[in-house]
Amino acid sequence: MNDADQVLDDPVGQSLGGRHAHLARRLGLAATYLTDVATFSAVSTDPDAKDWADLAELLGPGAFADMFSCPALPPSDWELVFRLEGRQMIWPGGGLPDRPGSESDARVVELDADSVPEMLDLVARTQPGPFWPRTRELGTYLGVRVDGTLVAMAGERLRPPGWAEISAVCTAPDARGQGHAARLVGALTARVLARGERPFLHVAEANTGALALYERLGFKTRRQVTFQGFRTP
């Protein structure tokens, strides 16, 4: 790790305090995204009882707090909803990842607000991770259409300074095996690098297919992470 990577230790907090501040709700040092954008929440890097109390007040009683990769644990009266082992991967630099040629790339399109119903339907069928009606507002989302039907997509989610997270990579079951995921990740990587930023991503340890794809494209593991979600008292 180096100094440029340090913001990736708190990607949610760094995003909510920076590029995504306009999509944030805050109380004290606690923050979370607006409803229907994302459920990710953040506290200070060394939270105390007040930070957790502020987050509980911000979210409301019995609410879901997706703490993402935050290593700190909330008070014992917060109910654990899930815990999932994963890893954080980064683009190490250099050229663009190997991806299909320009003829295939011509099918990659930018997804606008009118595409949200199709995006939500694709997410429901493929389960790539949290995605809500306003998640598209976090960054650029690209898709592949075949005969007018959205069959694959990927986009930008967390945006700590100097970085852009690639997320929501998914392909309809009947369109898999055609390189759509590699095509979309490659296209997003090119866009992020063109802005002078670096791509990174998160993946569940059990998702061996996605891990193999990202490693083949050139992404390297930065660190192991544990994703956790809780319910407020």
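The values are calculated or read from the model by the stated rules, or taken from the named source; none is laboratory data. Just so it is clear, the structure is predicted and the values come from calculations on it, not from any experiment. Note that each Cβ is placed from the backbone with ideal geometry, even for glycine, and that neighbours are counted across all protein chains shown. To get the accessible areas, we keep the full protein, side chains included, count just its heavy atoms, and leave off ligands, DNA and RNA. Shrake-Rupley method; radii C 1.70, N 1.55, O 1.52, S 1.80 Å.
List pairs: first in region 23-45 and at positive phi and free of Cβ contacts under 8 Å to residues at least 40 places away in the same chain, second of a type in the set (D, E, K, R) and open to solvent by less than 40 Å² (accessible area, probe 1.4 Å), Cβ under 8 Å, 6+ apart or cross-chain? Taking only residues 6 or more apart or on different chains, the pairs are GLY28/ASP51; GLY28/ASP54. Filtering region 119-128 to residues that are buried (at least 16 other Cβ atoms within 10 Å of the Cβ) and either of a type outside the set (A, V, I, L, M, F, W, C) or more than 19 Å from the chain's Cα centre (by Cα) (or both) leaves THR126, PRO128. Only one of the listed residues (ALA164, ALA172, ALA168, ALA182) is touching a residue at least 40 places away in the same chain (Cβ under 8 Å), touching a Lys or Arg at 6+ places or on another chain (Cβ under 9 Å) and buried (at least 22 other Cβ atoms within 10 Å of the Cβ). That residue is ALA168. For region 4-115, the helices (runs of 4 or more DSSP H) that sit wholly inside it and include 1 or more residues that are open to solvent by 10 Å² or more (accessible area, probe 1.4 Å) and at pLDDT below 95 are 102-105. Taken over region 30-55, the criterion of being over 21 Å from SER76 (Cβ atoms) and hydrophobic (A, V, I, L, M, F, W, C) is satisfied by ALA31, LEU34, VAL37, ALA38, PHE40. Within region 187-212, residues that are hydroxyl-bearing (Ser, Thr, Tyr) and open to solvent by 50 Å² or more (accessible area, probe 1.4 Å) reach no partner that is part of a loop (DSSP other than H, G, I, E, B) and modelled with pLDDT under 95 with beta carbons closer than 9 Å at six or more positions or on different chains. For region 137-146, the criterion of being free of Cβ contacts under 8 Å to residues at least 24 places away in the same chain and more than 28 Å from ASP10 (Cα to Cα) is satisfied by no residue at all.
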